[in-house]
Amino acid sequence: MLLDGLFVAALRQELNERLRTGRIATVRGVDRYTVVLEIRKQREVERLLLSADPEMPRVHLMETDAPNAATRDDTPSSFTMLLRKYLEGARVQAVTQPGTGIERILRLELDTRGPGGGSYPLFLIAELLGKKADLWLVEAGTGRILDSLRRQRGLAPDLPYTPPPSQEKVVLTPGCGAVLLERWRWLAASRQGEQRNAQAALVALVDGLGPLTAAEILHRAQISPAQPVPLVSTSQQQRLAEVMEQVAQQLVAGQFAPTLLWASPEGGEGADDPPTRPAADYCALRLTQYPPAQQLELRSPSQVLERFFAPRWQEQQLAKRRRQLERPVRTAWQQARRRLEKQEQELASAEQADRWRIFGELLLSQLAAVPAGATEVELDNYYTDPVTKVRIALDPSLSAAQNAQRYFHRYTRARRTQQAASHQAEHSRRQVEYLEGVLAELEWASTWAELDEIEAELQQAGLCSSGTRAGQRRPGGSPARKERAGGGKRHAPLPPRRYLTADGIEIWVGRNNRQNDRLSLKQAAPDDIWFHAHQIPGAHVILRCAQLPQVPDSSLLAAAQVAAYFSRGAGASHVPVDYTRCRHLRKPTGTAPGYVIYHVYKTVEATPSLEAVRPLPD
């Protein structure tokens, strides 16, 4: 959900109150799109986040204990380095929203010192325009661009900065109601009006309104957002103009109500509680169209934006890290697949070996029937019942006996190829299965700690180096965990996922291949029951039932459903799941993590689901 101009206006007011006369102490990069300015004002320290991320452009102050507050990038961009050069030590003169309306643009007006020690005013401009978002550093006096983060709109350094073109909408100022009425009536009489509902029309006509804000204004005017424009009555239009006047007066007076909105009213939070789930949207106005339990009004727009974007930013960073780890795994998987296909072709070719042996034996047993210099011969095939004729190709430069030896040589060579290819194909098949399992683990990983353990496994397997992260830090500022062979601090392994069946029996689920080995071969009791999707990559699942004289069928089925859920077959309606006592598991020497063999087992069809179990805390 993108910022709208009204919310940016509320943000501008807050930033002016809290940052004006403050001095920029440090500039830090968070990621390729985001920087944080640490601003000191008397004894207070504020941290201002500015992001031109095309998926979530935003500007807001950060709380001291915010989850992403201390994040930094060890390899800052050239734009971040430029900001450090010009802005560290600069004083904030004002925060403005340039233009005639309330555009989604914030401008930090800064006073710095030039080369001669004189005043050198600069603008740091944040254009919060969705996919076209950008940050610009501009000379205040000349309008010359020093640089921009993404270099959008074809503007380059040393060119004059020009703001995005005005959309010529109705500006939220006193008297805007009459202008809106005129525009609305014109739209209702046009062909465009026939194709638009009231919400889309209000967003298109009025400057600075997003969909949620427009829906709130329509609700106050007693107009349905889905109502077609031509069907909005004259009395409804008049009420809409009156509500617009009220909103314009609130904007002029700086009366905002920064509010978070949840998708449903269940589980609302208090104003001082930490966020426990992502919000669905946010608005600068109090939302009268939703029940109080579905919204949370906070003290400042920065608090709203931080709570809204923090979980999304966390997920974005997790997804980025997941893709980084997935890339070498997928490459290795594709190479192993191609290698396996080639080896299987060699095996299919080597299956002709017995045919070459038979040809050689038939030639030796019927030498007199082979004419000299023949290119082929038809002989009785005594290996079929009844005896049939078989045509055998010959080398005319060789005798019948030499042709027989030639076929025996081809037979011997094919047998060697078959044995080698069979061994290699089995190795490649195991590697493909292992890599498919890692890809599945990456899909299931939902925390940094899980990704760290998978990375350690990949490092041990030689699939990625310790430098893959390139200094990336996790939210919270702590360095990403690294586990080095023979050195470095080792962290306690993650606990398995745990669930409880309706019968009160605990289920363990491995988070990665190394944990699968620990669970199945070391931590589980011999009489615990092990589950795994049949010939499908997936997690090892342990039903902790060793002390029970009899295991309820409902718990067996629940564990099988969990094993199906944590497998690559989770998208199917039914998945075959093998289960056996843990004492029947064996791990061949030298095999990859998570690989076990078993010969005593049963198979059950299970629906991938977690509905029959209750999750337990880690």
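Per-structure values
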read-out	value
Potential extension, T26-W186 segment - 0.36 nm per residue separation minus Cα distance	52.4 nm
Restricting the range 85-127 to GluC sites (Glu not before Pro) in coil, as DSSP defines it, with at most 15 other Cβ within 10 Å	E88
Phi-based couplings in Hz for the range 123-128 (Karplus 6.51, -1.76, 1.60; Gly and Pro marked x)	10, 10, 10, 10, 8, 9
Residue-by-residue Karplus 3J(HN,Hα) for the range 528-542, coefficients 6.51, -1.76, 1.60, Hz, glycine and proline x	5, 9, 9, 10, 7, 4, 5, 6, 10, x, x, 7, 7, 10, 10
Estimated D of the range 1-138 in µm² per second, where Rh is the Kirkwood radius over Cα pairs and Stokes-Einstein applies at 25 °C, 0.890 mPa s	163
Length gained when the stretch D527-R586 is fully extended (0.36 nm per residue, less Cα-Cα span)	19.8 nm
Lysine pairs within the chain, Cα separation less than 20 Å, 8 or more sequence positions apart or different chains	5
The range 367-467: chymotrypsin sites (Phe, Trp or Tyr not before Pro) in DSSP coil with no more than 14 other Cβ atoms inside 10 Å	Y382, Y383
Förster radius 56 Å - calculated FRET efficiency between Q255 and Q345, Cβ distance, rounded to 0.05	0.15
Average Cα contact separation per residue, the chain, under 8 Å, 6 or more apart, as relative contact order %	9
Gain upon complete extension [T162, K389; 0.36 nm per residue less C-alpha separation]	72.8 nm
Calculated [θ] (222 nm, deg cm²/dmol) that DSSP helices of n ≥ 4 give over the chain, each run adding -39,500 (n - 2.57)	-12000 deg cm²/dmol
Overall form of the range 176-253 per C-alpha gyration tensor (a/c, 1.5; a/b vs b/c)	prolate
Of the DSSP H helices in the chain, those whose Cα atoms cover at least 24 Å axially and whose Kyte score averages -1.0 or more	234-253
Three semi-axes of the equivalent ellipsoid, the range 326-444, Cα gyration tensor, whole Å, largest first	45, 13, 10
Mean Cα-pair separation over length for the range 176-253, i.e. relative contact order, pairs under 8 Å, 6 or more apart, %	38
For the range 223-262: rounded, prolate or oblate by the Cα gyration tensor [a/c cutoff 1.5]	oblate
Approximate spin-label separation Q222-E361, in nm, with each point projected 7 Å along Cα-to-Cβ	10.0
Spin-label zone in the range 540-558 - amide nitrogen under 19 Å from a point set 7 Å from the Cα of E506 along the C-beta vector	540-552, 555-556, 558
Contact order normalised by residue count of the range 348-422, Cα under 8 Å, 6+ apart, percent	41
The range 404-464: GluC sites (Glu not before Pro) in DSSP loop, at most 13 other beta carbons within 10 Å	none
Overall form of the chain per C-alpha gyration tensor (a/c, 1.5; a/b vs b/c)	prolate
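Quick note: the coordinates plus some simple rules give every number you see, no bench work behind them. This one's a predicted model, so the numbers in the text were calculated from it and none came from an experiment. Ideal geometry is used to build each Cβ from the backbone, glycine not excepted, and the neighbour counts take in all protein chains shown.
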